[in-house]
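In what follows, a structure is listed as structure tokens, so that the remarks can point back to it.
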Amino acid sequence: MTNLTIRMEPEEKRQLSAWAASKGQNVTDYIKDLVAADMQAGSADSRAAAWLAEHREALADEARLIQSAGIPGAHLALHFPERDEDL
């Protein structure tokens, strides 16, 4: 897991720390719970759209690679022995 740094004014940070403490949590766990609850409230479609937006460039790179060089491992499937043949 990576760390998340949120920059905020010192007064805001004190207020957030006090609020989290009133909930019996530290700031990190409080924010994690907020994010988790927000993600659960979203639909599967909205989560998928967010994932796609985040990975759009990598997917496009992979599509270009497949278009130019074919599907990795496809030669294995094309030349796989029949079930009755010895491996």
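The values are calculated or read from the model by the stated rules, or taken from the named source; none is laboratory data. Please read these numbers as outputs of a predicted model, since none were measured by experiment. FYI the Cβ positions are ideal-geometry reconstructions off the backbone, even for glycines, and counts take in every protein chain you see. What goes into the accessible areas is simple: the full protein's heavy atoms, side chains included, and nothing from ligands, DNA or RNA. Shrake-Rupley method; radii C 1.70, N 1.55, O 1.52, S 1.80 Å.
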Q | Positive dipole terminus of the chain, leading residue within 26, 76, 65 (C-beta point charges) | A | 26
Q: Roll a 1.4 Å probe over the protein chains and send me the accessible area per residue for the chain in Å².
A: 94 Å²
Q.
Between helix 44-69 and the chain, what is the angle of the helix's C-alpha long axis to the longest principal axis, kept within 0 to 90° and rounded to the nearest 10?
A. 40 degrees
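At 222 nm, what helix-only mean residue ellipticity would the chain give, in deg cm²/dmol to the nearest 500, using -39500 (n - 2.57) for each DSSP H run of four or more?
Numbers: 4 runs with 59 residues, N = 87.
Taking each H run of at least 4 residues, the total per residue is -22000 deg cm²/dmol.
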Q) For the chain, how big is the tail of P(r) above 17 Å, as a whole percent of Cα pairs? A) 72 percent
Q | For the chain, size of Cβ-based charge dipole, Lys and Arg +1, Asp and Glu -1, in debye | A | 580 debye
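Tell me, what % of the accessible area of the chain is carbon and sulfur with a 1.4 angstrom probe?
On the way: 4590 of 8160 Å².
Answer for the chain: carbon and sulfur cover 56 percent of the accessible area.
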